[in-house]
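**Q** Here it is, the structure, as structure tokens.
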Amino acid sequence: MSVTIRNQVIKILLLGIFDVFAVQFAVALGSRISIILGLGIAVFTIVINVVFLSDRLYPWRWIVPALAGMFLLVVYPIGYSMVVAFTNYGDGHLLAKEQVIAQKLADLYQPSDAKTYSVTVFRNAANEFRYWLVDEDGNAFIHRPGEPGIVPVAPDDPAYGERDENGVPTSLDGFVPLERAALLQSATTLQNLVIEAPPNEIRVTNISPLRGIQAQELTPRWSYDPATDTLTNVETGTVYRSERGNFVTGEGESREVLQPGFPAFIGFDNFLRVLNDARIRDPFWRVFLWTVVFAAGSVFLTLGLGLAFAMLLNSRDLPLKPFFRSILIIPYAVPGWLVVTTWRGLLNPAYGPVNLTLENLLNTQIDWFSNATLVKIAILFVNMYLGFPYMMLISLGALQSIPGDMYEAATIDGANGRQQFRWITLPMLLVALAPLLVASFAFNFNNFTVIELFNNGGPPMSAATVAGHSDILLSYTFRLAFSGARGTDYGFAAAIGIFIFFIVGPITYFNFRLTRQFEEAAA
Amino acid sequence: MNKSSRLVLVLALLALLAVTSMAQVVLAQEATAEATEAPTPVPTPTFAPSVEGTLTIWADEERTPAIEAAGAAFTEEYGIPVQIQQMGFGDIRNNLVLGGPAGNGPDILIGAHDWLGQLYAGGLLAPIELPEDLAAKFNPLALQAFTYEGQLYGLPYALEAIAIFYNTDLVETVPDTWDETIELAQQLVADGKAERGIAIPVGAGGDPYHHYPLFTGFGSYVFGRDEEGSYNPEDVGLDNEGGIAAMNELDRLVKAGVLTSATDYGAAQTLFQDGKLAMWITGPWAIGTLEESGVPFAVAPIPTMEDTPRPFMGAQGFMVNSFSKNLLLAQAFLTEFVATDEVMQLIYEANPRPPAWLPLAEQIDDPNIQAFTEVTTHADPMPAIPQMAAVWDAWGRAILLVYQQDSNTTPEEAIKQAAEAIREQIASSSGS
């Protein structure tokens, strides 16, 4: 009994700690990113609490956290991308519409007949303020916060006591002028100061310890009408309507677009752009073919080399085995980007050691980066270097799991080494390795790092298309989405992402089928 | 366990939940109250410094120490805390784009003028008011570079443009004309004095930035300019006669083995440091490393081709986040404090580049910086309009095709295709 109570208390404490974080997380994401996300997390938090408190729902304890993780990390991002694909979210359309309107409404200008004042700020011990304003003609005014507007002061009004050479009193209602050093400390107060002066308002526009404080009569440049969803420039009277994520005016030649824009739904435009643009469509199949060749080739080469080293390390006659094994793992242990950039330097056509050797031996230089075929060979080679240690490690394990008596039996039956490899080692290995090979294929299918670091997908196919000869599907779409005329274009990128999904989806399905078949064969 | 004890436990949990959520609500309210409420009255007769605002500045690694020193002096003088956050130069822009609208941006950031187009279109920058007497102390080209749609969005501190670094052991002076320079480069290689005569950096992206003087030297341009000097994205001049001539000249030099894609930036730098490269076209960022390497060098403008080549001019400066809560303070910090001899000197010493602050530029006696300052006076400000993103990419591919001696495309076809692609992309994106 006491044990269960203790367990219950621990459980509730842990659940309480979890709830603190979960509530915080839900509030933060809900208020800053998306209310749906916040609500989703809140719902899962409640469900998790219920599940952990109820003994009847015991089995669900393992499933619900997984479902929550899936919602947060998989379902929500996919849904979000699908929504974004129908918008023009990206550079030039970053702020929310309310933010754009708020920014425009905060934009003030000085009408031609409005006044500019120089301001002296007075403060008392209670940190209250008084403002003495002098306009361009030397007329003085006083503003007391809490009282509306400004009150004119006669130049020789004795009520304000002693004045300095500019006619500014040395003290005001017992308040003293703000010192130079304190001026900037009051910046927030001055920034928030709004004095009514219909039809305008007086705002502090510049504070300078050297030049003093400047205030201007300003009026909003823009007015927004929610009924018609239009912004009007008060100064010029031009009306801007909301259209595809921008406020615009005029048609055709005289069409004028107001920056900044906001994300807007633009229907299937992003998808149509992918389908209609010949420069996007034409290189597609070449890129796709190379993607498959690259992924399959990488698996084949890494497995070939890895297995060869594994058999070598597995043989009884090899001396210094631990040493060789450590050496051969190095490419796997060094960060990939480092390896790729190093190989890029080693293969430099004029100064790389590889080509210097080739030049000395064969008197020829090979330009590994400019020729469409050579760059592919070089990339496959570098990826083989990067990937073989992994294949070697898993092959070593698999080799040791093959029973030795099978080889004994084969030797007795008169099979030579090659036959043993072909009919015992390889089939036994493949059963164990097949799921990993499929995973490796899927990984290389999206191996952006190697492609991008080695030659940025280059050499270019032509000046007109962004595709390079060594681009795979993923690097190609990256280039399409982020090097367009608008800079970053998240909406377009999301649309391409959805197309990619329809290509990669069937391949993944096929991969899973294959894995299952191998697993059934092994069982 | 019986029913009542379970009920007690559930109730306990609910109470726990309620307490924690209430605590959080209270905490959150306190935090916002602190941020928005006016400061509590100070009961003492003296004016204790009541902190109403703090300045946050995002700066890159090279500028951080200088700005930290300046910030400390500012804090001492005015009692305003200045907080400096260091991040990579490019990250400053990306983080502002992501964090600015959500209210996580700084008050002031360090940046390059060619970010203006993107940041302006994103509504992320607040204009800066510069009094006329102060404006007169800045290099007008730098101010022009930071002016967008008629308003100033940055307070510049440095400018940069590219020129020729030459090894003074190998080259006495750089000749006046491009053709003579190429002959000299070939002569040096033929005599075995240098492994390479001249190098322009070529990366995997083609590096159009470093090739731009070649295009302007033959009379080409990226975007035409209107009467006010603003770039017009509808007038792309890369494939005009001058552009074709520049591509053919590049083709000639690649065929003659004078230029090669093997000299990417890193390779060229190593060769120059080892005294194997006689002339290298690049910018003032290379000065530091070259001085450390001890190789004797000097800087000269790129020699005349058909016209005087004009490199791109870049300006670096301080910008103000439009979502800053201290706009007046940020403005005052920049115009009253940064735009002074002392702070400009600090920034210069931390990372010497041609200064945008004229009183400082006049004092500098470093011949290399002087040479680069001279170069910036006949340079084109790098277009800051967002359409530049489309240009870099296609243009770089055209240059790469020449370096690769692609058999399917002549240099003329390459630049025409590139310009066509740029025009189409600009046209297709102008509406959205």
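The values are calculated or read from the model by the stated rules, or taken from the named source; none is laboratory data. Just so it is clear, the structure is predicted and the values come from calculations on it, not from any experiment. All Cβ positions, even for glycine, are placed from backbone atoms using ideal geometry, and neighbour counts span all protein chains on display. The accessibility values were calculated without ligands, DNA or RNA, using every heavy atom of the protein model including side chains. Shrake-Rupley method; radii C 1.70, N 1.55, O 1.52, S 1.80 Å.
**Q** Looking at (1) modelled with pLDDT under 85; (2) open to solvent by less than 60 Å² (accessible area, probe 1.4 Å), which one does A:E256 not meet, given that it meets all the others?
**A** Just one mismatch for A:E256, condition (2).
**Q** Now for a separate question. Is the range A:398-408 home to any residue that is under 22 Å from A:R325 (Cβ atoms), more than 14 Å from chain B (Cβ to nearest Cβ) and buried (at least 17 other Cβ atoms within 10 Å of the Cβ)?
**A** There is at least one residue in the range A:398-408 that is under 22 Å from A:R325 (Cβ atoms), more than 14 Å from chain B (Cβ to nearest Cβ) and buried (at least 17 other Cβ atoms within 10 Å of the Cβ).
**Q** Yes or no: the range A:230-250 includes at least one residue that is within 13 Å of chain B (Cβ to nearest Cβ), at positive phi, open to solvent by 30 Å² or more (accessible area, probe 1.4 Å) and not hydrophobic (A, V, I, L, M, F, W, C).
**A** yes
**Q** From the residues in the range A:349-358 that are within 12 Å of chain B (Cβ to nearest Cβ) and assigned to a helix (DSSP H, G or I), which one is farthest from A:V375 (Cα to Cα)? Give the derivation first.
**A** Our first condition is that a residue be within 12 Å of chain B (Cβ to nearest Cβ); within the range A:349-358, this holds for A:349-352, A:355-356.
Imposing the further condition that a residue be assigned to a helix (DSSP H, G or I) reduces the set to A:355-356.
Numbers: A:N355: 14, A:L356: 18 Å.
Residue satisfying both the conditions and the ranking: A:L356.
**Q** Looking only at residues that are open to solvent by 70 Å² or more (accessible area, probe 1.4 Å) and not in a helix (DSSP H, G or I) in the range A:1-42, which one is farthest from A:L72 (Cα to Cα)?
**A** In this case the residue turns out to be A:M1.
**Q** Name, by its number, the condition in (1) within 30 Å of A:V248 (Cα to Cα); (2) open to solvent by 10 Å² or more (accessible area, probe 1.4 Å) that does not hold for A:A125.
**A** In the conditions (1) within 30 Å of A:V248 (Cα to Cα); (2) open to solvent by 10 Å² or more (accessible area, probe 1.4 Å), A:A125 misses (1) alone.
**Q** Looking for whichever is over 43 Å from the mean Cα position of the chain (by Cα), of a type outside the set (V, I, T), assigned by TED's automatic domain parsing to the domain that holds A:P435 and not in a helix (DSSP H, G or I) here; the options are A:A415, A:A409. Which one fits?
**A** A:A415
**Q** Scan (1) farther than 22 Å from B:A356 by Cβ; (2) surrounded by 24 or more Cβ atoms within 10 Å (Cβ to Cβ); (3) in contact with an Asp or Glu (Cβ under 7 Å, 6 or more places away or on another chain) for the single condition B:T263 breaks and write down its number.
**A** Against the list (1) farther than 22 Å from B:A356 by Cβ; (2) surrounded by 24 or more Cβ atoms within 10 Å (Cβ to Cβ); (3) in contact with an Asp or Glu (Cβ under 7 Å, 6 or more places away or on another chain), B:T263 comes up short only on (3).
**Q** Let me ask something additional. Would you pick out the residues in the range B:384-412 that are outside any loop (DSSP other than H, G, I, E, B), open to solvent by 10 Å² or more (accessible area, probe 1.4 Å) and either within 8 Å of chain A (Cβ to nearest Cβ) or polar (S, T, N, Q) (or both)?
**A** Answer for the range B:384-412, where residues must be outside any loop (DSSP other than H, G, I, E, B), open to solvent by 10 Å² or more (accessible area, probe 1.4 Å) and either within 8 Å of chain A (Cβ to nearest Cβ) or polar (S, T, N, Q) (or both): B:A389, B:W392, B:D393, B:R397, B:L400, B:Y403.
**Q** Continuing with this model, one more query. Just checking: which of the helices (runs of 4 or more DSSP H) contained wholly in the range B:153-259 hold 2 or more residues that are open to solvent by less than 50 Å² (accessible area, probe 1.4 Å) and over 28 Å from B:A142 (Cα atoms)?
**A** B:178-190, B:241-255
**Q** Kindly evaluate A:A85 against the criterion of being closer than 30 Å to B:I385 by Cα, under 17 Å from the mean Cα position of the chain (by Cα) and in contact (Cβ under 8 Å) with a residue 40 or more places away in the chain.
**A** yes
**Q** Restricting to strands (runs of 3 or more DSSP E) lying wholly in the range B:49-128: which have 3 or more residues that are open to solvent by 20 Å² or more (accessible area, probe 1.4 Å) and more than 14 Å from chain A (Cβ to nearest Cβ)?
**A** Ranges flagged: B:82-86.
**Q** Let me ask something additional. Mind telling me which of the residues B:T270, B:T304 ends up being more than 14 Å from chain A (Cβ to nearest Cβ), among the polar types (S, T, N, Q) and open to solvent by 20 Å² or more (accessible area, probe 1.4 Å)?
**A** On the way: B:T270 fails: more than 14 Å from chain A (Cβ to nearest Cβ).
On inspection, the qualifying residue turns out to be B:T304.
**Q** Further, regarding this structure: Only one of A:N124, A:N166 is more than 49 Å from the chain's Cα centre (by Cα), away from chain B (no Cβ under 14 Å) and in contact (Cβ under 8 Å) with a residue 12 or more places away in the chain. Can you tell me which?
**A** Testing whether each residue is more than 49 Å from the chain's Cα centre (by Cα), away from chain B (no Cβ under 14 Å) and in contact (Cβ under 8 Å) with a residue 12 or more places away in the chain leaves just A:N166.
**Q** Could you say which residue among A:F369, A:F388 is buried (at least 17 other Cβ atoms within 10 Å of the Cβ) and farther than 27 Å from B:V202 by Cβ? Please lay out each step first, then the result.
**A** Details: A:F369 fails: farther than 27 Å from B:V202 by Cβ.
The unique qualifying residue is A:F388.
**Q** Under the condition of being more than 18 Å from B:T173 (Cβ to Cβ) and touching a helix residue (DSSP H, G or I) at 6+ places or on another chain (Cβ under 7 Å), which residue from the range B:273-285 is nearest to the other protein chains (Cβ to nearest Cβ)?
**A** Applying the filter and picking the extreme gives B:Q273.
**Q** Over 29 Å from A:D113 (Cα atoms), surrounded by 12 or more Cβ atoms within 10 Å (Cβ to Cβ) and basic (K, R): does that describe A:R144?
**A** No.
**Q** Oh, and also: With the requirement that a residue be of a type in the set (S, T, Y) and either buried (at least 19 other Cβ atoms within 10 Å of the Cβ) or part of a helix (DSSP H, G or I) (or both), what does the range B:360-382 give you?
**A** Hits for the range B:360-382 are B:T373, B:T376.
**Q** Please go through the range A:178-210 and pick out each residue that is among the hydrophobic types (A, V, I, L, M, F, W, C) and more than 9 Å from chain B (Cβ to nearest Cβ).
**A** A:L193, A:V194, A:I195, A:A197, A:I202, listed by residue number.
**Q** For residues in the range B:321-347 being assigned to a loop (DSSP other than H, G, I, E, B) and closer than 14 Å to B:I80 by Cβ, which is farthest from the other protein chains (Cβ to nearest Cβ)?
**A** The selected residue is B:S324.
**Q** Then there is this: Regarding the range A:365-387, can at least one residue be identified that is within 14 Å of chain B (Cβ to nearest Cβ) and aromatic (F, W, Y)?
**A** In the first step, residues of the range A:365-387 are kept if they are within 14 Å of chain B (Cβ to nearest Cβ); the result is A:365-375, A:378-379.
Of the ones still in play, those that are also aromatic (F, W, Y) are A:368-369.
Checking the range A:365-387: at least one residue is within 14 Å of chain B (Cβ to nearest Cβ) and aromatic (F, W, Y).
**Q** When you scan the range A:422-513 for helices (runs of 4 or more DSSP H) that lie fully inside it, which ones turn up with 2 or more residues that are over 24 Å from A:F300 (Cβ atoms) and within 13 Å of chain B (Cβ to nearest Cβ)?
**A** A:473-482
**Q** Take residues that are of a type in the set (D, E, K, R) and tell me which of the strands (runs of 3 or more DSSP E) falling wholly in the range A:142-235 contain 2 or more.
**A** By residue number, A:200-208.
**Q** Moving on to the next point. Of these, B:T335, B:T340, B:T373, B:T377, which one is farther than 30 Å from A:V466 by Cβ, under 24 Å from the mean Cα position of the chain (by Cα) and free of Cβ contacts under 8 Å to residues at least 12 places away in the same chain? I'd like the intermediate steps shown before the answer.
**A** Working: B:T335 fails: free of Cβ contacts under 8 Å to residues at least 12 places away in the same chain; B:T373 fails: free of Cβ contacts under 8 Å to residues at least 12 places away in the same chain; B:T377 fails: free of Cβ contacts under 8 Å to residues at least 12 places away in the same chain.
Exactly one of B:T335, B:T340, B:T373, B:T377 is farther than 30 Å from A:V466 by Cβ, under 24 Å from the mean Cα position of the chain (by Cα) and free of Cβ contacts under 8 Å to residues at least 12 places away in the same chain, namely B:T340.
**Q** Check whether at least one residue in the range B:287-310 is within 21 Å of B:L116 (Cβ to Cβ) and charged (D, E, K, R), and report yes or no.
**A** So the first thing to find is which residues in the range B:287-310 are within 21 Å of B:L116 (Cβ to Cβ), and the list is B:310.
Next, only the ones that are charged (D, E, K, R) stay: B:310.
The answer is yes, given that some residue of the range B:287-310 is within 21 Å of B:L116 (Cβ to Cβ) and charged (D, E, K, R).
**Q** If I ask for residues that are among the hydroxyl-bearing types (S, T, Y), in contact with a strand residue (DSSP E or B) (Cβ under 7 Å, 6 or more places away or on another chain) and surrounded by fewer than 18 Cβ atoms within 10 Å (Cβ to Cβ), which ones from the range A:80-120 would you list? Quick ask: steps written out before the conclusion?
**A** Kept after step one, since they are among the hydroxyl-bearing types (S, T, Y), are these residues of the range A:80-120: A:80-81, A:87, A:89, A:109, A:112, A:116-118, A:120.
If we keep only those that are in contact with a strand residue (DSSP E or B) (Cβ under 7 Å, 6 or more places away or on another chain) too, we end up with A:87, A:109, A:116-118, A:120.
Selection gives A:Y109, A:T116, A:S118.
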